[in-house]
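First comes the structure, then the notes that go with it.
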Amino acid sequence: MNILCSFALSQLKRKRSRTVITASAIALSAALLSAVVNFVASGNAMLSGFLGEDYGLYGGAYMMMLLVPAVFLAALIAAMSVIVISNAFRMSANERMAQFGTLKCVGATKKQIYKTIMYECILFCIAAIPSGILLGYGLSFIGIGVANLYMDELNVLVRSMMKRVNFSLSFVFSPAALLISVIISLGTVLFAAMLPARKAMRISALDCMRNGGETDTSGYKRTKITVDAGKNIEFRMARKNVSSNRKRMHSAVTAFSISIMLFITMSSLQEIAEGIQNYIYRDQGYTVIADYTAKFKNTIHPKTGRRQQKCAYPIDAQTAEEITQKLTEYDETDVYGNGQDYATYVARLGSQEITEEMRHVLAEGSGEEQPEIILEVERIILDDRHYGELCEQAGTAHGGVILLNDYKYNDNGTERHIAPVEMTTSTLKLETADGSQEEITIDGVLETSEIPGTLMYPNTNPIRLVVPSAGVSVRGYNWMANPKDEEGFMAYARDILESYFPQYGMDYDEAGYTSRVYGAQDFVKIMNIAIVLAAFFLYAFVFLLGLIGVLNVISTVSFQIKLRARELAVLQSVGMTSDSIQKMLNMESILCAGKALAVGLPLGMGIVAVMAHCVKKLFPIDFHMPWMAILITIVISVIAMWGTVRISAGALKKQNIVETIRI
């Protein structure tokens, strides 16, 4: 064996505790990197299973969805690993500076010093990376197993909404993924070791022998403390020690801060996901939903240049009413049917025909008020019975046009409802994409408080009209019911829809339409499963990445305590008790944890605030800062730092004061 390699091996054997901690950090880094790569391979196999080898029409988008999060996570793991592993090699090199100085004095070259540290790195890689990759594959296998616990239920729920879809996540062993994991892990460790190795090789033999290799002592200025028995000397010394050793503790504080930031960010992501779920799902009082949706294509009219929507197979009101009657025949179930047309008409109104609140909302969007305003129109048709009830509520005869005078908009995270049209407006001029116009009379008006809950969602167009169904065709239609026998009704409804809209095993794109029957709670269940799985994987990732940071803290603090053994022995020799020293070290641990929290908490809370601001621009959700997660983070940070210091300081109690000072 090469003499330099033998020297590096002897160093690893002599410093067993640091060797174990460094090897654990490298193994965890390799495990996380290989787990991310393996999940990409498994995800690719799943997507290829039901989309095809090239992911179909939107292959580029699906590939980006798969690779971008993986690249981000891999980069985050690599950055954290470089900080931690580089710090471990830096501490090892600093402790051996006197040895390097001696070697240089007897003829060792800079290249040989560099090789000594790199041999140590290679030995770590040989021992830790294979075990780390095995651990990573084990984590992938466990993670995929946990995901598959929910897959059967997820597939049942999804297939009720999306036919011919089967999610199956299987453990995939890919030689290419294994090679990529090895290359990334090896490159990360080698790069991390090169930084302290290059620094050590450039330090002169005199500096190695005289100053422990620290050519830059700006971070360790000599300070004075006025001793006053009436004041807390332990705290003052702890504060001075933390200040003077800030350079040595920099990497530990940085790694700890990143862990704190990630934990707070992940906690807020879960809360945001739950808020979006609560907003999207609106309980309308029905347990079963059947729907029909036709495929559409947005085009530009060649003459007017306006957007128009063309549907392949729209559903006419007569067919929708026939289906409603047949569904009602099942155990005399009350069925509520409604259909929407969002894109056929727009309304031209003068500024005096809309309310001041609506003018204000439109001015905020466009930046200026317009003399003539064009608003998109939503036409709604209902089944005959419920349409008659709505006409009676609006005080108009059957066959009249009812204006739902309510517009919902998102005001920076708050859902607001306003009346868009003035009550004096009695007619509306509707216009299609080809420029043809139609004037309709408003026979009845329902304000926000009068509109039934079934007509409050989604409420995206400013002008919403409930029109007589005769002769009207729409792109989509929904049937909602509260049957006594849900499973029996769902099977019956599927047969009815299949008889009217047979798909012959084709999917939405091939057939040009789709029909579905599902439970009203199915979407919530799918979202819950997705949130649970995402939370499991994200928290597991943050925990393991945070564990790398904790290992760095343990290694750094232990090294600093051992390095200060003589200083602590001198303090005891001049009368400072063991309790006072322990109290000083405890305060140092709290101050170090405070420094990490002072960086990690603002960063994490800042990221949370930015995410919340962006999400509230899209969804009116009630979001709060994750204060419980922040409190847990503070407690765990203080306990972790305090426990590490206490355990490391406990080992010094067995040392003899005289012998320690003499060393």
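The values are calculated or read from the model by the stated rules, or taken from the named source; none is laboratory data. Bear in mind that the values here come from a model prediction, so they are computed numbers and not experimental data. Every residue, glycine as well, gets a Cβ built from its backbone with ideal geometry; the counts of neighbours run over all protein chains shown. Note: areas computed on protein heavy atoms with side chains; ligands, DNA, RNA excluded. Shrake-Rupley method; radii C 1.70, N 1.55, O 1.52, S 1.80 Å.
Run through the range 429-499 and list the trypsin sites (Lys or Arg not before Pro) located in a DSSP loop whose Cβ has at most 13 other Cβ atoms within 10 Å. Present the calculation step by step, with values, prior to reporting the outcome.
Working: sites: Lys429, Arg464, Arg475, Lys484, Arg494; in loops: Arg475, Lys484.
Those that pass, being in a loop and sparsely packed, are Lys484.
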- Task: Over the chain, average the accessible area per residue using a 1.4 Å probe and give it in Å², no decimals.
- Result: 50 Å²
- Message: Residue by residue through the range 424-434, what is 3J(HN,Hα) from phi via Karplus (6.51 cos²θ - 1.76 cosθ + 1.60, θ = phi - 60°)? Round to whole Hz and write x for glycine and proline.
- Response: 7, 6, 10, 9, 10, 9, 9, 9, 8, 5, 7
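Based on the Cβ-Cβ distance of Ile531 and Ala45, what FRET efficiency does E = 1/(1 + (r/R0)^6) give at R0 = 25 Å, to the nearest 0.05? Intermediate results must be reported in sequence, preceding the final value.
Details: r = 24 Å, r/R0 = 0.96.
Calculated transfer efficiency: 0.55.
If contacts are Cα pairs under 8 angstrom and at least 6 residues apart, what is the relative contact order of the range 385-435 in percent? Could you put the intermediate results ahead of the total?
On the way: 27 pairs, mean separation 10.0, N = 51.
This gives 20 percent for the range 385-435.
Could you sort 391-401, 580-590 so that the peptide with the highest average Cβ count within 10 Å comes first and the rest follow in order? Working shown, then result.
Details: 391-401: 15.2, 580-590: 20.4.
So the peptides 391-401, 580-590, ranked by packing, come out 580-590, 391-401.
Using only alpha carbon pairs under 8 Å that are at least six residues apart, calculate the relative contact order of the chain and give it in whole percent.
On the way: 962 pairs, mean separation 136.0, N = 663.
Normalised by residue count, the contact order of the chain is 21 percent.
When the Kirkwood radius is taken over all Cα pairs of the range 534-599, what Stokes-Einstein diffusion coefficient follows at 20 °C and 1.002 mPa s, in µm²/s? Provide the component values of the computation, followed by the final result.
Details: Rh = 14.2 Å.
The diffusion coefficient I find is 151 µm²/s.
At 37 °C and 0.692 mPa s, what whole-number value in µm²/s does Stokes-Einstein give for the translational diffusion of the chain, with Rh from the Kirkwood sum over Cα pairs?
Details: Rh = 30.6 Å.
Translational diffusion coefficient: 107 µm²/s.
When the accessible area of the chain is computed with all protein chains present and a 1.4 Å probe, what percentage of it is carbon and sulfur? Walk me through the numbers on the way to the answer.
Working: 19940 of 32870 Å².
Using a 1.4 Å probe with all protein chains present, the chain comes out at 61 percent carbon and sulfur.
Of Lys240/Lys595; Lys295/Lys525; Lys562/Lys583, which sit over 22 Å apart, Cα to Cα? Could you put the intermediate results ahead of the total?
Details: Lys240/Lys595 14 Å; Lys295/Lys525 26 Å; Lys562/Lys583 17 Å.
Pairs exceeding 22 Å: Lys295/Lys525.
Counting helices only, and only those DSSP H runs with n ≥ 4, report the 222 nm mean residue ellipticity of the chain as the sum of -39,500 (n - 2.57) divided by its residues, in deg cm²/dmol to the nearest 500. Don't jump to the answer; show the numbers that get you there.
Details: 19 runs with 397 residues, N = 663.
Dividing the helical sum by the residues of the chain leaves -20500 deg cm²/dmol.
Just order 39-45, 27-33 by mean Cβ neighbour count inside 10 Å, highest at the front, would you?
Numbers: 39-45: 19.7, 27-33: 26.6.
The most tightly packed comes first, giving 27-33, 39-45.
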- Which angle from 0 to 90°, rounded to the nearest 10, does the C-alpha axis of helix 59-95 make with the longest principal axis of the chain? 20 degrees
- Roughly what would the spin-label model give for Arg16 and Phe543, points 7 Å off Cα along C-beta, in nm? 2.9 nm
- What is the magnitude of the charge dipole of the range 313-355 about its Cα centre, with +1 placed on the Cβ of each Lys and Arg, -1 on the Cβ of each Asp and Glu, and no other charges, expressed in debye to the nearest 20? 380 debye
- Task: Rounded to whole Hz and in sequence order, give me ³J(HN,Hα) for the range 385-393 from the Karplus expression 6.51 cos²θ - 1.76 cosθ + 1.60, θ = phi - 60°, writing x for Gly and Pro.
- Result: 5, 6, 5, x, 5, 5, 4, 4, 5
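What's the extension gain from Asp434 to Ile142 if we count 0.36 nm per residue and subtract their Cα-Cα distance? Write out the running numbers ahead of the final one.
Working: separation 292, 0.36 × 292 = 105.12 nm, distance 5.82 nm.
Extra length from Asp434 to Ile142 when fully extended: 99.3 nm.
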- Pseudo-spin-label distance Thr109 to Ile3, built 7 Å along Cα→Cβ, given in nm, is 1.4 nm
- Given labels modelled 7 Å from the Cα in the Cβ direction, how far is it in nm from Arg307 to Leu76? 3.4 nm
- Task: Tell me the GluC sites (Glu not before Pro) within the range 416-464 that lie in a loop according to DSSP and have at most 13 other beta-carbon atoms within 10 Å.
- Result: Glu447
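Step by step: find N for the range 419-513, compute 2.2 N^0.38 Å, then divide the Cα radius of gyration by it. What's the final number? Write out the running numbers ahead of the final one.
On the way: Rg = 18.6 Å, N = 95, 2.2 N^0.38 = 12.4 Å.
Computed over Cα atoms of the range 419-513, the ratio equals 1.50.
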- Stretched out fully, how many nm does the piece from Thr441 to Glu422 gain, at 0.36 nm a residue minus the Cα gap? 5.4 nm
- Note on the structure: tail above 18 Å in the computed P(r) of the range 531-643, as % of all Cα-Cα pairs, reads 65 percent
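Need the full-extension length gain, Val570 to His398, defined as separation in residues times 0.36 nm minus the C-alpha distance. One decimal, nm. Don't skip to the end; give the middle numbers.
On the way: separation 172, 0.36 × 172 = 61.92 nm, distance 9.82 nm.
The Val570-His398 span can extend by a further 52.1 nm.
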- Query: Can you give the alpha-carbon Rg of the range 370-458 over 2.2 N^0.38 Å, where N counts its residues?
  - Reply: 1.18
- Lys/Arg Cβ at +1, Asp/Glu Cβ at -1, dipole of the chain taken about the Cα centre: which of Phe489, Asn405, Val71 is farthest positive-ward? Val71
- Message: Could you report the accessible area of His360 in Å², rounded to 10, computed with a 1.4 Å probe on the protein chains as they sit in the structure?
- Response: 110 Å²
